[in-house]
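Worksheet: the structure to be examined is printed underneath.
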Amino acid sequence: MTAAKRASAIRLDESLFFKLVRVVNLTARPFNEGLGRQHDLSLSDWRVMMVLGSHPGTTASDVCQRTGMDKMSVSRAIAALARKRRVTRKPDPEDGRRTLVWLSSAGQRLFDDLSVSARERERLVFGGVGAQEQASLSKTLDRLIDALVAADAGAPSDD
């Protein structure tokens, strides 16, 4: 590797991108090691359930937009949740080509239980961060999301 390439390489300890990835991984680890195993639920399943719990009767495409997950991951998660009777699917009465997805009664109970743990984890993660810093971080994350969505909208589709 040339000196110029080394100088432009991502420095692990200085990379904001890598720090974001690390935060996501550290935040998800307890879920994967505990609640996920306990409830036979993948992290993708949980992410889909979070959207459906907040936005019942939505489409898989909307889940993709709200989570940043790819279509295949969302499709697999919805199929897994349906096999476990945690979601129900119905054709959209306004557009028969689309399917709307809701949490089933069992899925809603699980979502309610997991939401308690998620709120506790969020309190732990942000416990040492003041309200003003949290608001600033939220705005910054919203700008990053908007920039990534815009960049992806301009990228060639893999459909």
(message) Condition first: free of Cβ contacts under 8 Å to residues at least 24 places away in the same chain and part of a helix (DSSP H, G or I). Can you find one or more residues in the range 80-99 that meet it?
(response) yes
(request) Spot the failing condition for Met69; the list is (1) in a helix (DSSP H, G or I); (2) surrounded by 12 or more Cβ atoms within 10 Å (Cβ to Cβ); (3) not polar (S, T, N, Q), and only one is missed. (result) (1)
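For every residue, the table says whether it meets (1) surrounded by 11 or more Cβ atoms within 10 Å (Cβ to Cβ); (2) touching a helix residue (DSSP H, G or I) at 6+ places or on another chain (Cβ under 8 Å); (3) among the aliphatic types (A, V, I, L, M); (4) in contact (Cβ under 8 Å) with a residue 24 or more places away in the chain.
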site	(1), (2), (3), (4)
Leu43	yes, yes, yes, no
Met50	yes, yes, yes, yes
Val101	yes, yes, yes, yes
Gly128	no, no, no, no
(request) Residues being more than 16 Å from the chain's Cα centre (by Cα) and not small (Gly, Ala, Ser): count how many of those fall in the range 9-34. (result) 10
(request) Look at Ser138 and say whether it is touching a residue at least 60 places away in the same chain (Cβ under 8 Å) and either out of contact with any Gly (no Cβ under 8 Å at 6 or more places or on another chain) or among the hydrophobic types (A, V, I, L, M, F, W, C) (or both). (result) no
(request) Given the conditions (1) within 21 Å of the chain's Cα centre (by Cα); (2) closer than 30 Å to Leu16 by Cβ, report the number of the one that Ser104 does not fulfil. (result) (2)
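Mind telling me which of the residues Asp40, Asp113 ends up being outside any helix (DSSP H, G or I), at pLDDT below 95 and within 19 Å of the chain's Cα centre (by Cα)?
Details: Asp113 fails: outside any helix (DSSP H, G or I).
The match here is Asp40.
The values are calculated or read from the model by the stated rules, or taken from the named source; none is laboratory data. This one's a predicted model, so the numbers in the text were calculated from it and none came from an experiment. No Cβ is skipped: glycine too gets one built from the backbone with ideal geometry, and neighbour counts run over all protein chains shown.
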